[in-house]
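Asks: One structure, pasted below without further comment.
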Amino acid sequence: MKPRIAIDGPAGAGKSTVARAVARKLGLSYLDTGAMYRAITLAALRENTDLEDAQALGRLARQLHLDIKNGENGENVIYLDGEDVSESIRLPIVSRGVSYVARCPEVRDIMVDKQRQIGAKGGTVMDGRDIGTNVMPDAEHKFYLTASLDERARRRLAELTAKGESLDLPQMINEIAARDKIDSERKCAPLRAADDAVHIDSTKMTIEEVIDAIVSAVNGQ
């Protein structure tokens, strides 16, 4: 079976970009688990569902049809009840709410089951916050990717600015810090590094350097 690679880390660490490129270089499939929770968050916002109502979120997650396909460049294309929501799930309002949805046990049970089914097939690079500790604890390769709070905020701000969104750096720092707190303190599968994960601080690294470091580690170089 082809190897399974888990890449965990906090918001804005560049996990999705790195994981997608690593999968492409190694000829593996890629799954952005965060996009799955973002899709549920988008649906909840559209239906005015209370993001702190666990039962309502669970009912919503069970009703929705979530489909994930690979695009031409290896990126995940997310379909919610047949609608391509790949761009919509990246809106700031979704980013602000996704940590509340992701900590909901009912939602996590549904999403993690889907993720484990995909991971069981092997040959997958999966990124998130609890991949190496909960979703694929037996993955052959585990990495914990992080960067300083300021650097993560700058990266996310540049991303959003390129898409025409208007936010300032202090606001972005506060939003990411708030997400870090919720993700690391939630009772259900909190954000943390697996004991056997390789830690990579990318604060002063380029994306290419991070990708090369992970590919080299997987290849035993």
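The values are calculated or read from the model by the stated rules, or taken from the named source; none is laboratory data. Quantities reported herein were computed from a predicted structural model and do not represent experimental measurements. FYI the Cβ positions are ideal-geometry reconstructions off the backbone, even for glycines, and counts take in every protein chain you see.
Asks: One residue is enough: does segment 122-130 have a residue meeting the conditions of a type in the set (A, V, I, L, M), under 28 Å from residue 163 (Cβ atoms), part of a helix (DSSP H, G or I) and within 15 Å of the chain's Cα centre (by Cα)?
Replies: There is no residue in segment 122-130 that is of a type in the set (A, V, I, L, M), under 28 Å from residue 163 (Cβ atoms), part of a helix (DSSP H, G or I) and within 15 Å of the chain's Cα centre (by Cα).
Asks: In addition: Select from segment 68-106 the residues that are loosely packed, with under 14 Cβ neighbours inside 10 Å, within 16 Å of the chain's Cα centre (by Cα) and more than 27 Å from residue 158 (Cβ to Cβ) and list them in ascending order.
Replies: Across segment 68-106, the qualifying residue is only 69.
Asks: If you don't mind, another one. Just give me the residues in segment 34-63 being under 20 Å from residue 11 (Cβ atoms) and either of a type in the set (D, E, K, R) or touching a residue at least 60 places away in the same chain (Cβ under 8 Å) (or both), in sequence order.
Replies: 34, 36, 37, 38, 40, 41, 52
Asks: Going by what's in this entry, would residue 21 be described as in a loop (DSSP other than H, G, I, E, B) and crowded, with 20+ Cβ neighbours inside 10 Å?
Replies: Details: in a loop (DSSP other than H, G, I, E, B): no; crowded, with 20+ Cβ neighbours inside 10 Å: yes.
So residue 21 fails the test.
Asks: Here's something else I'd like to know. What is the number of the single condition among (1) in contact with a Phe, Trp or Tyr (Cβ under 7 Å, 6 or more places away or on another chain); (2) crowded, with 20+ Cβ neighbours inside 10 Å that residue 57 does not meet?
Replies: (1)
Asks: Also, quick follow-up: Which ones in segment 161-194 are among the charged types (D, E, K, R) and out of contact with any strand residue (DSSP E or B) (no Cβ under 9 Å at 6 or more places or on another chain)?
Replies: Listed by number, the residues that qualify are 163, 165, 168, 175, 179, 180, 181, 183, 185, 186, 187.
Asks: Given the structure, is residue 179 assigned to a helix (DSSP H, G or I), within 25 Å of residue 108 (Cβ to Cβ) and in contact with a Gly (Cβ under 7 Å, 6 or more places away or on another chain)?
Replies: No.
Asks: Among (1) more than 22 Å from residue 209 (Cα to Cα); (2) surrounded by fewer than 18 Cβ atoms within 10 Å (Cβ to Cβ), which single condition is residue 154 missing?
Replies: (1)
Asks: Working only within segment 107-146, note down all residues that are small (Gly, Ala, Ser) and surrounded by fewer than 15 Cβ atoms within 10 Å (Cβ to Cβ).
Replies: Within segment 107-146, the first condition is being small (Gly, Ala, Ser), and the residues that meet it are 119-120, 122-123, 128, 132, 139.
Matches in segment 107-146: 120, 122.
Asks: Go through (1) farther than 28 Å from residue 198 by Cβ; (2) at pLDDT 95 or above; (3) not in a strand (DSSP E or B) one by one and return the number of the condition residue 93 breaks.
Replies: Condition (2) is where residue 93 drops out.
Asks: Looking for something in a loop (DSSP other than H, G, I, E, B), in contact (Cβ under 8 Å) with a residue 24 or more places away in the chain and either over 21 Å from residue 28 (Cα atoms) or of a type in the set (Asp, Glu) (or both) - is there at least one such residue anywhere in segment 71-78?
Replies: The answer is yes, given that some residue of segment 71-78 is in a loop (DSSP other than H, G, I, E, B), in contact (Cβ under 8 Å) with a residue 24 or more places away in the chain and either over 21 Å from residue 28 (Cα atoms) or of a type in the set (Asp, Glu) (or both).
Asks: Right, next: Restricting to segment 195-214, and then to whatever is touching a strand residue (DSSP E or B) at 6+ places or on another chain (Cβ under 9 Å) and assigned to a helix (DSSP H, G or I), can you tell me which residue is farthest from residue 34 (Cα to Cα)?
Replies: Per the stated criteria, the residue is 213.
Here is a yes/no grid of residues against (1) at pLDDT 95 or above; (2) basic (Lys, Arg):
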| position | (1), (2) |
| --- | --- |
| 70 | no, no |
| 83 | yes, no |
| 108 | no, yes |
| 118 | no, no |
| 131 | yes, no |
| 144 | yes, no |
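Asks: Under 9 Å by Cβ, and 6 or more places apart or on different chains, what pairs join a residue from segment 146-170 that is free of Cβ contacts under 8 Å to residues at least 60 places away in the same chain and of a type in the set (A, V, I, L, M) with one that is loosely packed, with under 12 Cβ neighbours inside 10 Å and in a loop (DSSP other than H, G, I, E, B)?
Replies: 157/168
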